[in-house]
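Structure, as structure tokens:
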């Protein structure tokens, strides 16, 4: 198998081409000033359950102490910061986090998205980090 990293410009061009190929009306849609929204657009709102996460919004700074076995570096202290805000029209809450370097681990960064799946009636989360790791859960 041969893989290569795709540039962000290439990805944008690919998505634009896909949208044109599929004839997406969103590509050509223009919103006129003062125009009324359709009943479907007017009814689209973030799920009210997401308001339960409002208290998480803000900047969080944490310190930690890890008790690891001696062969893993022993006791270590660390610091981390997470900035949490609403994103994507209020449908998602996003957290950008950064954990400082310790004796045995490099600095790490990541992003976590949380939302509410109204069909399944449960919260969902997606996350990626600077080590190539990812997660998803409910």
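Just so you know, all these numbers are worked out from the coordinates, no wet-lab data involved. Since the structure is predicted, the reported quantities are computational estimates derived from the model, not experimental observations. Because the Cβ atoms are built from the backbone with ideal geometry, glycine has one as well, and the counts that use them run over all protein chains shown.
A compact table of results
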item	result
Residue under evaluation residue 63, criteria (1) more than 19 Å from the chain's Cα centre (by Cα); (2) surrounded by 10 or more Cβ atoms within 10 Å (Cβ to Cβ), criterion not met	(2)
Subset of the range 73-90 (residues that are in contact (Cβ under 8 Å) with a residue 12 or more places away in the chain and at negative phi)	76, 77, 78, 79, 80, 81, 82, 83, 84, 85, 86, 87
Options 58, 95, 78: the member that is within 19 Å of residue 125 (Cα to Cα) and surrounded by 14 or more Cβ atoms within 10 Å (Cβ to Cβ)	95
Filtered residue count, the range 94-129, keeping only those that are closer than 15 Å to residue 78 by Cβ and in a loop (DSSP other than H, G, I, E, B)	8
Residue match in the range 101-111 (condition: more than 25 Å from residue 67 (Cβ to Cβ) and surrounded by 12 or more Cβ atoms within 10 Å (Cβ to Cβ))	yes
